[in-house]
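Shown next, in structure tokens, is the structure this report addresses.
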Amino acid sequence: MKDTAGRSWEIIRGDALKLISAYEPNTFDAIITDPPYASGGRTQAEKNKSTTVKYSSMGGNAPPAFEGDSKDQRSWTRWAAEWLFDARKVCKQGAPVCVFIDWRQYPALTDALQWAGWIWRGVAVWDKGNSRPQKGRFRQQSEYIVWGSNGPMPVNRPVPCLPGVFKYGNPQQRIHLTEKPLELMREVVRIVEPGGLILDPFAGAGTTVLASALEGYRAVGIEVSEQYAGLANERIEDHLAGCST
Ligand SMILES: C[S@@+](CC[C@H](N)C(=O)[O-])C[C@H]1O[C@@H](n2cnc3c(N)ncnc32)[C@H](O)[C@@H]1O
């Protein structure tokens, strides 16, 4: 894949549910993504609040709000099953899928993944290292990467042994409210065969796409927010212009 600027990556602005299905079957070698979890807030009124209120204490200095985070449980599960179905249809046989999630939405995601026809193969742990201590309770210091494949996944793929736990703190200088660490994403994308084409339907600030480019993959990111699509484009261009690895 080369976009109109001759790059091996692109960020497309739009709704994943509309854009994924426009690709031909067998286009992508993997789906690696971090969708809105819609897990902040116990009541629907709390869920309906802006993501800056739900996920940041930085007030006016917080990164911009993002979309798609207000669905209730049933709607989120149905929506996840739909985009996961569309995403599987545009992937090659054996393609891996990796989806970030937290503990609240973990059961819904593993249901949706299987309803969409993927084989669920396991979960890797992102250990963020720190979190608010709570007396008498375990810390919520992890998020999860639910992973699977589009049908059988041969063991002889040219891919190394990969860890099951990744220890990286949250990025210090975030431009997205729920940005993932770049080094974490550089490790996760290594589940894909060298040079493969990766789709991230919920690109945010473009961390998966940037990590893919740095690791020698080709990548497409879809992002519904105009502001974040623009930020992702700028960030990736700047980063790749400024470094060779
Ligand atoms: C959890 S964030 C991804 C953050 C990203 N991993 C990063 O490191 O920057 C999810 C993103 O999906 C976007 N989004 C929500 N609904 C979408 C949709 N239907 N189609 C495309 N993008 C969507 C949100 O605007 C948000 O930026």
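Listed values, structure above:
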read-out: Cα centroid separation, the range 220-245 to the range 130-153 (Å); value: 27 Å
read-out: Residue-span extension gain [Val159 to Asn48] - 0.36 nm each, minus C-alpha spacing; value: 35.8 nm
read-out: Positive-pole candidate from Gly221, Thr208, Met58, dipole of the chain, charges at beta carbon; value: Met58
read-out: Estimated dipole of the chain in Debye, rounded to 20 [Cβ of Lys and Arg +1, of Asp and Glu -1, Cα centre]; value: 860 debye
read-out: In nm, spacing of pseudo-spin labels at Asn130 and Glu193 (7 Å Cα→C-beta vector); value: 4.2 nm
read-out: DSSP-defined beta bridges in the chain - what % are antiparallel, rounded to 5; value: 45 percent
read-out: Cβ-defined net charge surrounding Leu182, 12 Å radius [Lys, Arg +1; Asp, Glu -1]; value: 0
read-out: Projected label distance in nm at Trp120 and Lys167, using a 7 Å step from Cα toward the beta-carbon; value: 2.9 nm
read-out: Out-of-range pairs (alpha-carbon distance over 20 Å; input Lys54/Lys167; Lys49/Lys71; Lys128/Lys180; Lys18/Lys89); value: Lys54/Lys167
read-out: Per-residue ³J(HN,Hα) for the range 28-45, Karplus 6.51 cos²θ - 1.76 cosθ + 1.60, θ = phi - 60°, Hz, x for Gly and Pro; value: 9, 8, 5, 10, 10, 7, 9, x, x, 7, 6, 10, x, x, 7, 9, 5, 4
read-out: Anisotropy class of the range 9-242 from Cα gyration tensor, a/c 1.5 cut; value: rounded
read-out: Environment charge of Glu24, counting only residues whose C-beta is closer than 13 Å and scoring Lys/Arg +1, Asp/Glu -1; value: +1
read-out: DSSP loop chymotrypsin sites (Phe, Trp or Tyr not before Pro) with at most 13 other Cβ within 10 Å excluded, longest remaining stretch of the chain; value: 139-245
read-out: For Leu84, net neighbour charge (Lys/Arg +1, Asp/Glu -1) across residues whose Cβ lies under 12 Å away; value: 0
read-out: Per-residue [θ]222 nm for the chain (sum of -39500 (n - 2.57) over DSSP H runs n ≥ 4, rounded to 500); value: -8500 deg cm²/dmol
read-out: Cα Rg, Dmax (largest Cα-Cα span) when computed across the range 121-245, Å; value: 15.8, 49
read-out: Theoretical FRET efficiency, 1/(1+(r/R0)^6), r = Cβ-Cβ of Gln93 and Gln73, R0 35 Å, to 0.05; value: 0.65
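Taken together, the values in this text are just the output of simple stated rules run on the coordinates, not laboratory data. As the structure is a prediction and not an experimental result, all values here were calculated from the model. No Cβ is skipped: glycine too gets one built from the backbone with ideal geometry, and neighbour counts run over all protein chains shown.
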